[in-house]
Amino acid sequence: MNAGPALGASDKLTFLLSLVPYLMDHESVSVSKVAAHFGVSPERVRDAVNLIAMSGIPGETRQYLHGDLFDIHWDEFETNDNIVLTHLVAIDDSPRFSAREAAALIAGLQYLSSLPENADVEAIASLMAKLTRSASATPSQVVVSSTEPGEAIALIKAAVARGVQIEFDYLSSRGGHEARHVDPMRIESVDRDWYLRGWCHLRGAMRTFRLDRMSGLRVTDVPAGSGSAGSLPDTLFQGSDSDLEVVVELPAAAVPLLADYAPQSAGPDAADGLVRQSIRVAHFHGLKRIVAGLSSLVTVIGPPEARALTRDWAAAGAARYDEAVPGDREG
């Protein structure tokens, strides 16, 4: 029988390295199905299976003994032309992700699958399944919780796939409402908040929008304009001429955490290791998010209005802990 075109040494190795994980993913598979999958002759598959059965690592005696090698169900192979691996020592004894490592990677892949630019969700699902199978133990069941603006994310994904604009009413950080027409480009999250990045036709520039401030979101039939061909900035937030400047104090090691808000480098270190950093925010209420995210690290220095607003907000929060809890009074 013709074994197919001759393969070079590198091609044979590639075929064998691809064949083993394929067989591991199939509890029982026919020789003809394997041959069709790899585009080789059945005879070449049979030769490869015989070679796999003689592959492995030597045991403590430095000799190839039973239990050191791959093995297959020979009766099934010789009688029914089916391949069933029964011993996988070369794979089972190799380093693997721990259950915790696999769970962390799976959670990250779940997050990536929610982004509109990751259209090939099936590939991500396949990778998650492989991570589950190849971990040293069953990974913990970690699920990335769905977010409130889930419907908005689905609509934006559809607009990105079709290459069309979206329109919505947007509540700005200053409380005003504006109708926006945007070429959607990317969705990103910071903590529990989701943001749309895209070309805003009203502003004629790249802008970032919080999904929970959108209303009346609709996918249009208008093709995305040429402005969307521009590259996205590296930072999620971009400043504008109307931003307010605030001075904060924090440890030098924490300064990189404010990179999105700080267009200028920090001042020199003080004797206590703290630095003063000028940051820009759309409004002083935005400081609440920054202070909460860097709890016990950042102090608002000025201007006085920003300092007073942050102090009153923190005091109101602390006061809630001082409220009497029903049933917790001394008798």
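Where a number appears in this text, it was derived from the coordinates with a stated rule and is not lab data. Since this is a predicted model, take the numbers as computed values, not measurements. No Cβ is skipped: glycine too gets one built from the backbone with ideal geometry, and neighbour counts run over all protein chains shown.
Odds and ends about this structure:
- Overall, the ratio between the Cα radius of gyration of region 152-219 and 2.2 N^0.38 Å, rounded to two decimals, is 1.00.
- Calculated FRET efficiency for the pair His37/Thr299, C-beta based, R₀ 51 Å, to 0.05: 0.20
- Gain on full stretching of the segment that runs from Leu17 to His73 - 0.36 nm per residue minus C-alpha separation: 18.2 nm
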